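J.: A single structure is presented below for examination.
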Amino acid sequence: MAGNGRLAGRVAVVTGGGKGIGAVYAERLAREGAAVAAVDVDGAAAEAHAAKLQAEGGQALGLHVDVTDLASVEAMVRRVVERFGRLDILVNNAGLYTVLLPKRPFYEIEPKDWDRTLAVNVKGLFLCARAAFPHLKESGHGRIINISSGTVFAGTPGFLHYVSSKGAVVAFTRALAREVGQYNITVNALAPGLTASATAREVQTQAEFEAPLQLRTIKRVQVPDDIVGALVFLASDEAEFITGQTIVIDGGLNMH
Ligand SMILES: NC(=O)c1ccc[n+]([C@@H]2O[C@H](COP(=O)([O-])OP(=O)(O)OC[C@H]3O[C@@H](n4cnc5c(N)ncnc54)[C@H](O)[C@@H]3O)[C@@H](O)[C@H]2O)c1
């Protein structure tokens, strides 16, 4: 799997990399030659996924990490650098995702659910970027790729905490990009539409996945593989002059 891909010699961390779309990101980065740490609050899933990537010939490490916990995030970066010697790419994918957050009017959202959503989906990115920064700076071609959501551009109702958190990811991406450009670190975001990830498939029906097709330009259900091309591109040298951007990947549903 590893060897002479576009990301050979690079080291990546994928948060939420144990399952769902994050697992697909980790797999694709490993195929492109990067050594990958799949880190997840579901430590067993992270370890199992890393073992699978290793069995396929990749260089991988699975770690239990809670991105909302400073000590856990700092330990993650230490372990990755101890194991692989460097850190070049941070994929901030871990998130509390809409299918796990019941749809409800904003005035029925419990403040504790609001706080938890913002803690994972926003503070988690901050803590990971903060801990990774010294190594990304040293890398000379550091990359931070944050996962936002098409719901920000659609203003999807029923998930005000989620949509607000993913809107913050766009702002975070822009402001952080301005601060770290001087170190040749790029910061970009991907905003996927409703994607049939393994996790989403467990809780959503085929009809729900097909609902966006009426408004989508490309008339099929979105799958994780639709997102990985942009991820690898942004992680690669080809994207060294692209920063502060959010790429919407939703088959042409939202155009802005
Ligand atoms: N599936 C979609 O339709 C869709 C669309 C747009 C954006 N997204 C975003 O893509 C990302 C992945 O979504 P998914 O569909 O694969 O969902 P998912 O629930 O399968 O993936 C989220 C991962 O993050 C992990 N995680 C949750 N809290 C964590 C924490 N505190 N610390 C570390 N890891 C934690 C989970 O264990 C899980 O593995 C999320 O950020 C989600 O908001 C998903």
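J.: Would you mind ranking H141, H256 so that the residue whose beta carbon has the fewest other beta carbons within 10 Å leads the list? Could you put the intermediate results ahead of the total?
T.: Numbers: H141 17, H256 7.
The order, fewest Cβ neighbours first, is H256, H141.
J.: Quote the charge dipole size of the chain about the Cα centre in Debye, to the nearest 20; the model charges only the Cβ of Lys and Arg (+1) and of Asp and Glu (-1).
T.: Its charge dipole is roughly 260 debye.
J.: Just the projected area, averaged over all directions, of the convex hull on the alpha carbon atoms of the chain: how many nm²?
T.: Convex hull of Cα atoms, orientation-averaged projection: 12.8 nm².
J.: Would you kindly derive the ³J(HN,Hα) couplings of region 183-196 from the backbone phi angles with the Karplus curve 6.51 cos²θ - 1.76 cosθ + 1.60 (θ = phi - 60°), listing them in order in whole Hz, with x for Gly and Pro?
T.: Values per residue, Gly and Pro as x: 9, 6, 9, 9, 10, 9, 10, 10, 10, x, x, 4, 10, 7 Hz.
J.: If you don't mind, there's one more thing I want to ask. When Lys and Arg each count +1 and Asp and Glu each count -1, what net charge do the other residues less than 14 Å away from V24, Cβ to Cβ, add up to?
T.: That sum, taken over residues with Cβ under 14 Å, equals -1.
J.: A further question on this structure: Going down the table (K52/K112; K103/K137; K137/K219; K19/K123; K166/K219), which pairs top 32 Å between alpha carbons? Before the final figure, lay out the partial values.
T.: Details: K52/K112 36 Å; K103/K137 40 Å; K137/K219 42 Å; K19/K123 21 Å; K166/K219 25 Å.
Correct reply: K52/K112; K103/K137; K137/K219.
J.: Taking amide hydrogens as modeled 1.01 Å from N in the peptide plane, which residues meet the under 5 Å criterion relative to L215, leaving out close sequence neighbours?
T.: none
Every number in this text was worked out from the coordinates using simple rules, so none of it is lab data. Predicted, not measured: the structure shown is a model, and the values here were computed from it. Here the Cβ is made from the backbone with ideal geometry for all residues, glycine too, and neighbour counts use every protein chain on show.
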